[in-house]
Amino acid sequence: MSNNANPNSFGFRIVGACHNKRRLVEYWPAFVAYCLCDDRARINEGGFLSPYEYATEIESRIVEPASMILDVRGFKGVSCSRYLWFDIDDADLDQGLDRCRRLVSCLLERYDLDDGDLLVFFSGSKGFHVGLPTSLWQPIASKQFARGCRTMAESLGDSAGVSIDPAIYQAVQPFRAPNSRHLKTGRYKRLVSIAELEELNAEAIRQRASSPLPFEPPDSPALHQQAVIDWAKAEFAVAQHAEVIRHFDAERSELNRSTLEFIRDGAIPGDRHRLLYSSAANLFEFGCPLALASALLMESALDSGLPPTEIRRAIDNAFTKQGPRPNDH
């Protein structure tokens with residue numbers, strides 16, 4: 001997908017706080033408006049965009065046609081993106097800056113990029129966002145695209161020795177828009193050049209975010225063989241995960257339907273803690289080892305927005321509170 005507008009490329013936009021209503025928009029024009037600080041973007045009110053671009057099926061989620069308001073809960077449709085995003089959060093911004101530098105250095109070297117090819121932002125609060133252009137591997141839109149993004153991003157993060165936030169790869173997780181004002185800190189999500197990233201300290205970068213910085217999105221770099229290979233590996237890993245789920249589905253004699261659905265689709269806020277716990281308990285009853293249960297549930301639980309510590313605690317509790325299994329003796 002190039003940076004040319006795709007007529008079937010929709011997304012959602014949120015003005016104000018993250019929990020406000022999602023409104024259907026043409027994704028790329030909306031993204032560019034935020035980059036340019038266009039008045040229509042209303043950057044001072046805060047703003048978020050969808051993490052991906054969606055096909056026309058997202059229109060089926062319109063619940064208020066007059067205002068194009070969407071209900072995207074549970075949406076798992078076809079998606080794609082012009083950038084693979086990385087979110088690096090750290091309560092210590094100096095440490096976050098160091099991690100961002102290492103990731104950016106890794107990406108520039110691995111894909112032979114020019115400094116201007118990456119989009120690097122200070123988030124306006126406690127971290128950095130890095131955008132790697134997907135024109136390097138030209139992915140095809142699919143229902144598995146979000147999982148592929150997370151798999152590839154985590155692999156690249158591991159290569160750089162940098163932990164990243166996996167929550168942003170959910171299919172409909174809002175992502176702060178460029179130049180939008182952070183309503184709690186009053187600072188803006190500001191573009192950081194590679195020179196600024198290398199030369200400024202964290203406090204200097206924070207101070208520069210007291211105002212937005214209009215910019216034109218860069219042109220898309222050409223296809224790169226290493227990026228194509230990395231994406232193919234990510235897609236293969238996603239396919240393997242799906243095959244494991246299909247195997248359990250075919251062979252099951254005791255697993256509950258809700259467990260299989262959680263492994264496959266995750267859950268929405270309000271149900272996710274309950275379903276994670278019940279799924280772990282069900283896997284325990286099925287004779288599943290703790291390590292395998294964690295592997296099966298972790299990704300869907302992360303996709304549902306739960307933090308890793310809560311996930312591990314819920315699975316551990318589900319296993320320890322069930323008592324010994326008959327075949328454990």
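The values are calculated or read from the model by the stated rules, or taken from the named source; none is laboratory data. Keep in mind it's a predicted model, so treat the numbers as computed, not measured. When we count neighbours, we look across all protein chains shown, and the Cβ atoms used for this are built from the backbone with ideal geometry, even at glycine. Accessible surface is based on the protein model in full, side chains and every heavy atom, while ligands, DNA and RNA are left aside. Shrake-Rupley method; radii C 1.70, N 1.55, O 1.52, S 1.80 Å.
Points to keep in mind about this one:
- Candidates in the range 304-329 are the residues that are among the β-branched types (Val, Ile, Thr) and at pLDDT 85 or above; of these, the one that is farthest from residue 294 (Cα to Cα) is 309.
- Where a residue in the range 17-38 is of a type in the set (Ser, Thr, Tyr) and its partner, wherever it lies, is assigned to a helix (DSSP H, G or I) and crowded, with 17+ Cβ neighbours inside 10 Å, with Cβ under 7 Å and at least six apart: 34/41; 34/43
Residue by residue, here is whether (1) of a type outside the set (S, T, N, Q); (2) modelled with pLDDT under 85; (3) surrounded by 16 or more Cβ atoms within 10 Å (Cβ to Cβ) holds:
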residue: 216; (1), (2), (3): yes, no, no
residue: 222; (1), (2), (3): yes, no, no
residue: 257; (1), (2), (3): yes, yes, no
residue: 261; (1), (2), (3): yes, yes, no
residue: 264; (1), (2), (3): yes, yes, no
residue: 294; (1), (2), (3): no, no, yes
residue: 301; (1), (2), (3): yes, no, yes
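- All positions within the range 163-182 that are within 16 Å of the chain's Cα centre (by Cα), of a type outside the set (D, E, K, R) and within 28 Å of residue 208 (Cβ to Cβ): 163, 164, 167, 168, 173, 174, 175, 177, 178
- Scanning the range 96-120 for residues that are part of a loop (DSSP other than H, G, I, E, B) and farther than 15 Å from residue 153 by Cβ gives 112, 113, 114.
- Matching residues, the range 79-95, being open to solvent by less than 30 Å² (accessible area, probe 1.4 Å) and either closer than 13 Å to residue 198 by Cα or in a strand (DSSP E or B) (or both): 79, 80, 83, 84, 85, 86, 87, 88
- One residue from 144, 95 being over 26 Å from residue 222 (Cβ atoms) and assigned by the TED database to the domain that holds residue 201: 95
- Residue check for residue 191: assigned by the TED database to the domain that holds residue 144 and closer than 17 Å to residue 89 by Cα: yes
- Residue match in the range 232-248 (condition: of a type in the set (Asp, Glu) and without any contact (Cβ under 8 Å) to a residue 60 or more places away in the chain): yes
- Taken over the range 169-184, the residue count meeting the criterion of being open to solvent by less than 20 Å² (accessible area, probe 1.4 Å) and in a loop (DSSP other than H, G, I, E, B) is 5.
- Close pairs from the range 113-137: first under 11 Å from residue 222 (Cα atoms), partner β-branched (Val, Ile, Thr), Cβ under 9 Å, at least 6 apart: 136/228; 137/228; 137/229
- Looking across the range 185-214 at every residue that is within 30 Å of residue 151 (Cα to Cα) and in a loop (DSSP other than H, G, I, E, B), the one that is nearest to the chain's Cα centre (by Cα) is identified as 189.
- Flag for residue 118 being more than 20 Å from the chain's Cα centre (by Cα) and open to solvent by less than 40 Å² (accessible area, probe 1.4 Å): no
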